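Peer 1: Quick one: the structure is below, questions incoming.
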Amino acid sequence: MKTLVAYYSQTGNTEKVARAIYEEASRDHEAYLEKIEDITADTLNEYDLVFLGSACHSSDLATPVKEVLDAISDSPKFKLAGFFTHATSSGGFNKWASKCVLSFQEASRVKKITFIGYYNCQGVPAPLIQEFIKSEVFGDSLADWEGYFEEVRKHPSLEDLQKAREFARRTISHA
Ligand SMILES: Cc1cc2nc3c(=O)[nH]c(=O)nc-3n(C[C@H](O)[C@H](O)[C@H](O)COP(=O)(O)O)c2cc1C
């Protein structure tokens, strides 16, 4: 099975997850790893299975990933799996990251793509975003912010990457 792992990553978190998925896919299959900037929607048609990954921006998949999803032609031959990293703690996921899931699901429905599933984990936010989260999400409650940041700064963790590998294995066995 010819597999592509394509991803958008601004600060490296999603790239770590992409590499873990790629390493797992490479074990028994012909697998390729590409940045989203280096492919087009047409590129995806060369593969049987595509893992498409994104950093979460503005509660949704990043624009370059949405553009590729939008440009996929109807009923492609490849199957799709998604992954993304985000900076929410558990209570904030619905508000700040769940559109990523909806965007994968909606594109798959509209384009009649076989969507196998998705993986997500936290990724430490870049300094500018830290300031935004501190004021907008925690309202400058320092203790809550510190508790949140102490946790999120460890991600993606080795456990997250192991789970990404397991996701890749499960996905490949269903594809
Ligand atoms: C411009 C920008 C907007 C972001 N918006 C969100 C957001 O709405 N929700 C969220 O959970 N994380 C948000 N984040 C945090 C990133 O999704 C998170 O840190 C992710 O792991 C970054 O992945 P990367 O290192 O692959 O770029 C944002 C980050 C940036 C830079």
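Peer 1: Have a look at K112, K154, K99 and point out the one that is near the ligand (Cβ under 10 Å from one of its atoms) and free of Cβ contacts under 8 Å to residues at least 60 places away in the same chain.
Peer 2: Sole residue among the options that is near the ligand (Cβ under 10 Å from one of its atoms) and free of Cβ contacts under 8 Å to residues at least 60 places away in the same chain: K99.
Peer 1: Tell me yes or no: at least one residue of segment 160-175 is within 16 Å of the ligand (Cβ to nearest atom), of a type outside the set (K, R) and without any contact (Cβ under 8 Å) to a residue 12 or more places away in the chain.
Peer 2: no
Peer 1: Give me the pairs: first residue in segment 22-35 and in contact (Cβ under 8 Å) with a residue 24 or more places away in the chain, second residue in a loop (DSSP other than H, G, I, E, B) and crowded, with 17+ Cβ neighbours inside 10 Å, beta-carbon distance under 8 Å, and six or more apart or on different chains, which are they?
Peer 2: Note: pairs meeting the criteria are Y32/Y47; K35/S9.
Peer 1: Can A107 be described as in a helix (DSSP H, G or I), over 29 Å from D48 (Cβ atoms) and more than 16 Å from the ligand (Cβ to nearest atom)?
Peer 2: no
Peer 1: Kindly indicate whether F132 is near the ligand (Cβ under 9 Å from one of its atoms), in a helix (DSSP H, G or I) and among the aromatic types (F, W, Y).
Peer 2: Answer is yes for this residue.
Peer 1: Here is a further query. Determine whether segment 78-91 contains at least one residue that is buried (at least 17 other Cβ atoms within 10 Å of the Cβ), under 19 Å from K2 (Cβ atoms) and within 16 Å of the ligand (Cβ to nearest atom).
Peer 2: Within segment 78-91, one or more residues are buried (at least 17 other Cβ atoms within 10 Å of the Cβ), under 19 Å from K2 (Cβ atoms) and within 16 Å of the ligand (Cβ to nearest atom).
Peer 1: Right, something else. Out of S108, S135, S90, which single residue is closer than 20 Å to S59 by Cβ, of a type outside the set (V, I, T) and modelled with pLDDT of 95 or more?
Peer 2: Residue meeting the stated conditions: S108.
Peer 1: Would you say T63 is surrounded by fewer than 22 Cβ atoms within 10 Å (Cβ to Cβ) and under 18 Å from L161 (Cα atoms)?
Peer 2: For T63, the condition - surrounded by fewer than 22 Cβ atoms within 10 Å (Cβ to Cβ) and under 18 Å from L161 (Cα atoms) - is not met.
Peer 1: If you take the residues in segment 29-45 that are part of a helix (DSSP H, G or I) and out of contact with any Lys or Arg (no Cβ under 9 Å at 6 or more places or on another chain), which one is nearest to D70 (Cα to Cα)?
Peer 2: A41
The values are calculated or read from the model by the stated rules, or taken from the named source; none is laboratory data. Everything numeric in this text was worked out from a predicted model, so none of it was measured. Note: ideal-geometry Cβ built from the backbone for every residue, glycine included; neighbour counts use all protein chains shown.
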